[in-house]
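The values are calculated or read from the model by the stated rules, or taken from the named source; none is laboratory data. All of these numbers come straight from a predicted model, not from anything done at the bench. Here the Cβ is made from the backbone with ideal geometry for all residues, glycine too, and neighbour counts use every protein chain on show. Only protein heavy atoms, including side chains, enter the accessible area calculation; ligands, DNA and RNA are left aside. Shrake-Rupley method; radii C 1.70, N 1.55, O 1.52, S 1.80 Å.
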Amino acid sequence: MEFNKCSRCGSFYVSQGNVCPKCQSKDTLEFSTFKTYIKENGFGENIEEISGATGISVKNINRFLGYEGFENFADKLGNINTNKILKSNKIDL
Ligand SMILES: [Zn+2]
């Protein structure tokens with residue numbers, strides 16, 4: 001059996017997903033808040049700015065940037081240089 005360690009709370013869990021079942025709904029909600037913010041405001045200068053505006057921790061934003069489908073989402077927005085922010089923040093996926 002393969003265990004995953006939840007990157008939000010540190011619990012071990014066996015189900016699929018980026019976080020444990022307990023954190024899933026909060027994570028989904030924050031991811032959608034994050035995407036809405038990006039859609040309306042762009043990436044701005046740095047992740048700290050997004051974190052301050054959305055209340056999502058920098059650590060979680062870094063995770064969201066690596067989520068499946070996020071790159072496509074960012075591409076569709078056009079004028080956003082995802083690589084710029086990915087390079088400016090050392091992301092440990
Ligand atoms: Zn968790």
Query raised in the report: Looking at region 1-13, which of its residues are open to solvent by 80 Å² or more (accessible area, probe 1.4 Å) and either hydrophobic (A, V, I, L, M, F, W, C) or farther than 19 Å from Phe64 by Cβ (or both)?
Result: Met1, Glu2, Phe3, Phe12
**Report entry** Hits in region 61-77 (condition: in a helix (DSSP H, G or I) and under 27 Å from Phe12 (Cα atoms))
**Finding:** Ile61, Asn62, Arg63, Phe64, Leu65, Phe70
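Of the residues in region 30-57, how many are of a type in the set (A, V, I, L, M, F, W, C) and open to solvent by 50 Å² or more (accessible area, probe 1.4 Å)? Explain how you work it out, then say what you get.
Step one: of region 30-57, the residues of a type in the set (A, V, I, L, M, F, W, C) are 31, 34, 38, 43, 47, 50, 53, 56.
This time we only want the ones that are open to solvent by 50 Å² or more (accessible area, probe 1.4 Å), so: 53.
The number of residues fulfilling the criteria is 1.
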Requested in this report: Report, by residue number, each residue of region 1-60 that is part of a helix (DSSP H, G or I), within 24 Å of Leu77 (Cα to Cα) and within 16 Å of the ligand (Cβ to nearest atom).
Outcome: Asp27, Thr28, Leu29, Glu30, Phe31, Lys59, Asn60
